[in-house]
Amino acid sequence: MSRKNKKSDSAPSGGFAPKNNDEVAKEPQIIIQDAGRIYSRPALYDLAFGYRNYEEEVRFLLDAHDKYSTSSEDKSNPINIIELAAGPARHTISALRHFSSKVHSSTAVDISKDMIEYALETADEELGDPGMGGMRDKFQYIESDMRTIGQTDGSPLQPGAFDSAWILLGSMAHLTTNDDVISCLSSTSNLLCQGGTLTIELPHPRETFSMVDCTRNGWEVPLEDENGEEYGELKIIWGDDDDKFDPIRQIRDFTVAMDLTVSEDMKSDDSDLQSVKEIVPMRLFTYQEIEAMGRIAGFEVAGMYGALSDEVDVNSEDGAFRLVCVLRKIKSPVTL
Ligand SMILES: C[S@@+](CC[C@H](N)C(=O)[O-])C[C@H]1O[C@@H](n2cnc3c(N)ncnc32)[C@H](O)[C@@H]1O
């Protein structure tokens, strides 16, 4: 099956979902084939979140670094970027593909072998063959835990080697304790040069404060073949009505489900494209926590936005659907 798919016209609200979709009215048919492995279906994940305009999001991320970093006098120097919990690595690959004059190297990090394998195939498709001295040789994917990747002993990466780090689409929600978050931020801080930036994208805290009643976020992605003919759809639920929310730990047990329906003649044996459902505990953050834990890790908050766009104010009632914090490294992490 081709990886090409039509972007969803619908747009559900909240969480990791796209902006402005109405909640899904009808109950989708969810087939539970393999619970507990939502990120081991990278092709489904990639389809589900392919509504994003990666080129525009990366433009914002690079512009934010230009604006807030104090690491280099000469802003025209190409930079080294790293994305933690990068999944299919669409942003790090797009950075090299579309902004080659601004990016010297692009590194992705994730804990999931399946995501890494999938992303390396994408990198070969989009950046050319490795070993040819081209863009592909500026991209690397490292299997590691975002909590420890930059720890001083045993890291495969040099301290201070990166100018800008990204943790996108609420991936920090997987760090459910303060120890984990501080460890991740300190580790990232070690990898950044002085004055470098870390941009974190989270669900907007408005959601955290209305979490007593969990609501369903769902959307559908139509699938199209090379001729534009629809041959199926992917239904996604990222958070359901009866999810449990623990207001003390700020953890919601997210119901995550992806169900692919494909017409008979397009069915294949591709085991990567199946339907999955699982319950994933995810932490919801407030701005104050990011500011405080960032400070421990040697960061100050340099900028804030309501989306990966400099046109969306974080306080905008209608526009802001994410909390995007641009942190600047001002000193070494505190040892606790
Ligand atoms: C919501 S996806 C985000 C992927 C990507 N940032 C994006 O924008 O599409 C979360 C990713 O975090 C990864 N992940 C979860 N815990 C991790 C950890 N402790 N260290 C590294 N990656 C982790 C998962 O494997 C998954 O690929």
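Please give the net charge around Gln194, taking every other residue with its beta carbon less than 14 angstrom from that of Gln194, where Lys and Arg add +1 and Asp and Glu add -1.
0
Amide H neighbours of Ile142 under 5 Å, at least 5 residues apart or on other chains, H built in the peptide plane: list them.
Sorted by chain and number, the residues that satisfy this are Ala108, Val109, Asp110.
For region 85-138, report the translational diffusion coefficient in µm²/s to the nearest whole number, using Stokes-Einstein at 37 °C, 0.692 mPa s, and a Kirkwood Rh over Cα pairs.
Result for D is 296 µm²/s.
Out of the chymotrypsin sites (Phe, Trp or Tyr not before Pro) in region 199-258, which ones are loop residues according to DSSP with at most 16 other C-beta atoms within 10 Å?
Here the sparse-neighbourhood loop sites are Phe209.
Evaluate the charge dipole of region 236-336 about its Cα centre and quote only its size in Debye, nearest 20, assuming +1 on the Cβ of each Lys and Arg and -1 on the Cβ of each Asp and Glu.
960 debye
Along each principal axis of its Cα atoms, how long is the chain end to end? Whole angstroms, biggest number first, please.
Computed over the chain, the largest-to-smallest principal extents equal 57, 52, 38 Å.
Using a simple charge model, +1 on the beta-carbon of Lys and Arg, -1 on the beta-carbon of Asp and Glu, nothing else, what dipole does region 136-281 show about its Cα centre, in debye to the nearest 20?
In total the dipole reaches around 1020 debye.
How big is the dipole moment of the chain about its Cα centre under a simple scheme where the beta carbon of each Lys and Arg is +1, that of each Asp and Glu is -1, and everything else is neutral? Debye, nearest 20, please.
Once rounded to the nearest 20, the dipole reads 1260 debye.
Over all distinct Cα pairs, what is the inverse of the mean 1/r for region 181-336, reported as the Kirkwood hydrodynamic radius in Å?
18.3 Å
Counting other Cβ atoms within 10 Å, keep those with at most 15, restrict to DSSP loop, and tell me which GluC sites (Glu not before Pro) in region 148-257 are left.
Listed in order of number, the matching sites are Glu226, Glu229.
Only the coordinates and a few stated rules stand behind these numbers; no lab work does. Being a predicted model, the structure only gives us computed values, none of them experimental. Because the Cβ atoms are built from the backbone with ideal geometry, glycine has one as well, and the counts that use them run over all protein chains shown.
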